[in-house]
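The values are calculated or read from the model by the stated rules, or taken from the named source; none is laboratory data. All values derive from a computational prediction rather than experimental measurement. Cβ coordinates were reconstructed from backbone atoms using ideal geometry, including for glycine residues, and neighbour counts include every protein chain displayed. Accessible surface is based on the protein model in full, side chains and every heavy atom, while ligands, DNA and RNA are left aside. Shrake-Rupley method; radii C 1.70, N 1.55, O 1.52, S 1.80 Å.
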Amino acid sequence: MNRRDFLRTAGGAAGGASAVAAGAGTAAAQEGGGGSVRPVFPSYVSDANGPGYEDLRGSSEVTIEVGVGSGGFGFGPTTTWIDPGTTVVFEFVEAGHNVKPNSQPDGGSLNGTEGGQFATIAAGQTYEVTLETPGMYTYNCAPHEGQGMRGAIAVGEDVETEEVGGGGQTPLNPEHMGVPFHPHYVGISTIVMMVVSLLFTFFLLKYGESPNAKGGND
């Protein structure tokens, strides 16, 4: 092999290895997808009033406003995800509402505001509860449940989740492949590049100054 041919071959191999690495980086970016995971909330809150969903994990205390949304008949946020042991503060921004449990996991501590089913709380008051038991909690304002004043809290990681966002594409689950997708190919491309570099150095040292190597113009 003459020097020019070797350099052409080595350059092509290195370029191919770079392309593999670039492809692996693109695949990794696509795998990230730009989507996110959120709990699957029950149909009970599918048409509830309110500002929507918030992921509040990592907070030791969160606030849910009572009396917001369409006509003031909503909880804000309507649905949320928190860690076990988080204290939830229901803050009444409007009078004439309450908080009553609809469903919760066994051992759940969401008892609701004091008084009968239709006893309401004055504006500016709060109701606090610390949710230790993981699972899905749903609740309502009893006088206005029919107007869509319902909410839900997912507690902990042991709840059903779904992928949202990311252009509607189904995300790649690396566990189905046995190993993560991008580390697998990035590792291969790295090895290829190292081998090409070693071979390049070896042939350059062995033949670069050899009288048998062809150089200059063919």
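Estimated at 0.36 nm per residue, the fully extended path between residue 106 and residue 93 surpasses their Cα-Cα distance by 1.7 nm. Ranking 136, 193 from most to least accessible surface, computed with a 1.4 Å probe over the protein chains only, gives 193, 136. Of 162, 128, the order by accessible heavy-atom surface (1.4 Å probe, DNA, RNA and ligands excluded), from most exposed downward, is 128, 162. Computed 3J(HN,Hα) for region 91-107, one whole-Hz value per residue from the Karplus formula 6.51 cos²θ - 1.76 cosθ + 1.60 where θ = phi - 60°, is 9, 7, 8, 9, 7, x, 10, 8, 10, 10, x, 9, 7, 6, x, 4, x, glycine and proline marked x. A simple spin-label model places the labels of residue 163 and residue 198 3.7 nm from each other, with each point 7 Å out along Cα-to-Cβ. Within the full protein context, the accessible area of residue 56 is estimated at about 30 Å² for a probe radius of 1.4 Å. Across the protein chains, with a 1.4 Å probe defining accessible surface, the residues 41, 202, 73, 92 rank 202, 73, 41, 92 from largest area downward.
Overall form of region 65-147: prolate. Here a/c, set by the Cα gyration tensor axes a ≥ b ≥ c, is 1.5 or more, and a/b is the larger of a/b and b/c.
Accessible surface for residue 191 stands near 110 Å², nearest 10, in the context of the full protein assembly shown (1.4 Å probe).
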